[in-house]
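Notes follow once the structure below has been shown.
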Amino acid sequence: MLPEVAAVHAEGADPNTNGDFPLGSCLSGSVRQAVVQDNRSFPINSTFQETAGGQRAPYKAASFLLPQCADLPDLNEAGDVSKAAEILQAYLVRVGDDGYCLLDPNFKGTCNPPLTRATAYRFKYVLVNTSSGFVEDQTLWSQPIRTNQISPPSDIDLWPGRRSGAMIVITSILSTLVFFLLVGFAAAAIFSFASMGSSDLEMQHESQISQEAVPKAQGAQEPSYASVNRRQSLDRAEVYTSKLQD
Amino acid sequence: MAKGDSSVRCFQGLLIFGNVIIGMCGIALTAECIFFVSDQHSLYPLLEATDNDDIYGAAWIGIFVGICLFCLSVLGIVGIMKSSRKILLVYFILMFIVYAFEVASSITAAVQRDFFTTNLFLRQMLERYQNKSQSNNDDIWKNREVTKTWDRLMLLEKCCGVNGPSDWQKYKSAFRDVNNDADYPWPHQCCVMDTLYKPLNLDACKLGVSGYYHSKGCYELISGPMNRHAWGVAWFGFAILCWTFCVLLGTMFYWSRIEY
């Protein structure tokens with residue numbers, strides 16, 4: 001009977017751990033023999049708590065029985081829903097899988113709590129003979145695997161940066177249009193008041209003429225537009241009444 | 001301006017045509033803005049929670065401006081046909097007010113469009129998603145709405161986070177405060193679901209086995225409709241304003257030549 005264990009050693013652990021747990025790294029091994037061990041022939045049995053999360057020394061993260069390598073499922077079939085659970089079971093040891101063992105005072109056994117953020121970890125598998133308690137074989141330490149540095153959301157900059165061309169075009173052109181519109185209205189108002197003043201003179205002149213020209217206008221049956229100006233029509237009141245009498 | 005002159009009739013006809021177009025554009029603008037305000041994609045809570053919902057303000061202005069433009073175009077047509085200086089003066093004054101509002105609406109929509117960045121939605125999602133802190137009623141309500149919207153988005157649109165599931169890994173979040181990393185590397189809504197909306201395989205989803213979680217971010221699904229609507233409000237408003245500008249200048253010219 002050869003149980004297997006994964007050993008974990010933390011390097012350069014960040015002392016400011018605020019309880020933000022990064023994603024536990026997943027170990028996948030076709031080599032399934034693993035033990036926690038110090039180059040001596042007996043395995044490491046120190047726990048996560050004893051080694052301060054692997055800062056002082058390697059700790060034992062998980063142990064499992066030697067799997068039957070004869071009929072391992074095909075890793076390429078992981079996409080098949082019916083086989084996924086079996087494949088994961090056969091191929092994966094997840095370091096940092098147990099989020100609750102640290103909180104449970106009655107917990108017995110190997111605690112495998114989540115790893116710390118922004119820390120490099122090394123892993124190894126050790127094969128242990130349970131009857132003798134000695135290490136039979138072990139892998140080399142893995143390359144350091146670094147967990148993510150996690151940053152607070154307030155670090156995210158919300159400023160959009162460069163303005164879009166559309167916004168500049170719309171804003172500038174519309175402002176200009178409003179300006180021209182007001183200038184145009186002012187010009188129209190000034191022009192119309194100016195022409196009103198001058199047309200008053202013309203009106204008086206015209207009305208004199210029209211009084212003189214009354215018989216002529218009557219004879220020609222000049223069509224009277226609704227828009228013909230009012231002062232004139234007052235002057236012509238007599239004419240209209242006479243027209244009506246006709 | 002002499003009446004009955006064929007060129008005057010022609011000019012009157014042009015101005016009336018211009019006003020008819022303004023009226024029709026007004027109705028179209030109202031319709032467009034109502035469509036936008038009705039929030040077909042149910043994304044309003046996301047904008048509201050960022051205090052960046054001015055684009056909805058722009059759309060509301062657009063609705064009323066559209067109605068006003070329609071009414072004013074009728075007034076304008078009557079004024080031009082009667083050649084009444086008084087009616088046209090009222091038309092100008094009201095038109096300037098409406099014009100100013102539409103300028104505000106169009107510019108607001110164009111400016112706000114620039115703010116729809118990934119970071120805006122990312123930060124809001126991290127701060128509010130599943131945030132159960134009891135600060136004040138307004139915040140509680142916003143957090144609940146944001147959570148609901150995100151749950152629905154991720155579940156129905158088959159996406160995860162703003163840029164992808166790694167959003168929950170790179171940043172500290174309210175979600176991370178209430179859920180531990182081992183069991184909830186990302187919300188379970190990110191898992192690929194079967195027809196009964198249960199994860200196909202929860203472990204595979206948590207471990208990130210491809211095919212068992214949605215790796216695509218939701219940003220496109222949020223910003224797409226928002227951007228289209230904002231684009232519509234901004235540029236359609238702009239087009240209407242350009243047209244109205246020409247018609248108003250023409251009407252002013254006509255107005256200045258009407259005799260008493």
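List the number of the failed condition for residue B:196; all other conditions in (1) surrounded by fewer than 17 Cβ atoms within 10 Å (Cβ to Cβ); (2) at the interface with chain A (Cβ under 8 Å from one of its Cβ atoms) hold.
Condition (2) is where residue B:196 drops out.
Just need a number here: residues in region B:130-151 that are touching a Phe, Trp or Tyr at 6+ places or on another chain (Cβ under 9 Å) and either closer than 14 Å to residue B:44 by Cα or crowded, with 22+ Cβ neighbours inside 10 Å (or both).
So the count comes out to 6.
Could we say that residue A:94 is farther than 19 Å from residue A:128 by Cα, at the interface with chain B (Cβ under 10 Å from one of its Cβ atoms), at pLDDT 80 or above and touching a Ser or Thr at 6+ places or on another chain (Cβ under 9 Å) here? So that I can check it myself, show each step before the final result.
On the way: farther than 19 Å from residue A:128 by Cα: yes; at the interface with chain B (Cβ under 10 Å from one of its Cβ atoms): yes; at pLDDT 80 or above: yes; touching a Ser or Thr at 6+ places or on another chain (Cβ under 9 Å): yes.
Yes; evaluated as a whole, the condition is true for this residue.
Output the number of residues of region B:111-125 satisfying the condition of being of a type in the set (A, V, I, L, M, F, W, C) and either over 21 Å from residue B:41 (Cα atoms) or in a loop (DSSP other than H, G, I, E, B) (or both). Give the derivation first.
Our first condition is that a residue be of a type in the set (A, V, I, L, M, F, W, C); within region B:111-125, this holds for B:111, B:115-116, B:120-122, B:125.
Those still in the list that are either over 21 Å from residue B:41 (Cα atoms) or in a loop (DSSP other than H, G, I, E, B) (or both) too: B:111, B:115-116.
Of the residues in region B:111-125, 3 are of a type in the set (A, V, I, L, M, F, W, C) and either over 21 Å from residue B:41 (Cα atoms) or in a loop (DSSP other than H, G, I, E, B) (or both).
For region B:243-260, which residues satisfy the criterion of being closer than 29 Å to residue A:165 by Cα and within 7 Å of another protein chain (Cβ to nearest Cβ)?
Result: B:245, B:248, B:249.
Can you go through A:158, A:181, A:177 and tell me which one is facing another protein chain (nearest Cβ under 7 Å) and under 30 Å from residue B:51 (Cβ atoms)?
Working: A:181 fails: under 30 Å from residue B:51 (Cβ atoms); A:177 fails: under 30 Å from residue B:51 (Cβ atoms).
Among A:158, A:181, A:177, only A:158 is facing another protein chain (nearest Cβ under 7 Å) and under 30 Å from residue B:51 (Cβ atoms).
Can you report the number of residues in region A:82-137 which are surrounded by fewer than 16 Cβ atoms within 10 Å (Cβ to Cβ), touching a helix residue (DSSP H, G or I) at 6+ places or on another chain (Cβ under 8 Å) and not small (Gly, Ala, Ser)?
1
Yes/no per residue for (1) under 22 Å from residue B:247 (Cβ atoms); (2) at the interface with another protein chain (Cβ under 10 Å from one of its Cβ atoms); (3) among the β-branched types (Val, Ile, Thr):
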| position | (1), (2), (3) |
| --- | --- |
| B:79 | yes, no, no |
| B:86 | yes, no, no |
| B:92 | yes, yes, no |
| B:109 | no, yes, no |
| B:125 | no, yes, no |
| B:132 | no, no, no |
| B:149 | no, no, yes |
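Picking from B:237, B:164, B:211, B:217, which residue would you name as being among the small types (Gly, Ala, Ser), facing another protein chain (nearest Cβ under 9 Å) and not in a helix (DSSP H, G or I)?
Values: B:237 fails: not in a helix (DSSP H, G or I); B:164 fails: facing another protein chain (nearest Cβ under 9 Å); B:217 fails: facing another protein chain (nearest Cβ under 9 Å).
B:211 is the lone residue from the list that is among the small types (Gly, Ala, Ser), facing another protein chain (nearest Cβ under 9 Å) and not in a helix (DSSP H, G or I).
Considering only residues of region B:120-146 that are within 22 Å of residue A:150 (Cα to Cα) and among the hydroxyl-bearing types (Ser, Thr, Tyr), which is modelled with the lowest pLDDT?
Among those that are within 22 Å of residue A:150 (Cα to Cα) and among the hydroxyl-bearing types (Ser, Thr, Tyr), it is B:133.
When the residues of region A:135-154 are narrowed to those that are in contact with a strand residue (DSSP E or B) (Cβ under 8 Å, 6 or more places away or on another chain), more than 7 Å from chain B (Cβ to nearest Cβ) and not in a loop (DSSP other than H, G, I, E, B), which ends up farthest from residue A:116 (Cα to Cα)?
Here the answer is A:136.
The values are calculated or read from the model by the stated rules, or taken from the named source; none is laboratory data. Here the structure is a predicted model, which is why all the values come from computation and not from measurement. Cβ coordinates were reconstructed from backbone atoms using ideal geometry, including for glycine residues, and neighbour counts include every protein chain displayed.
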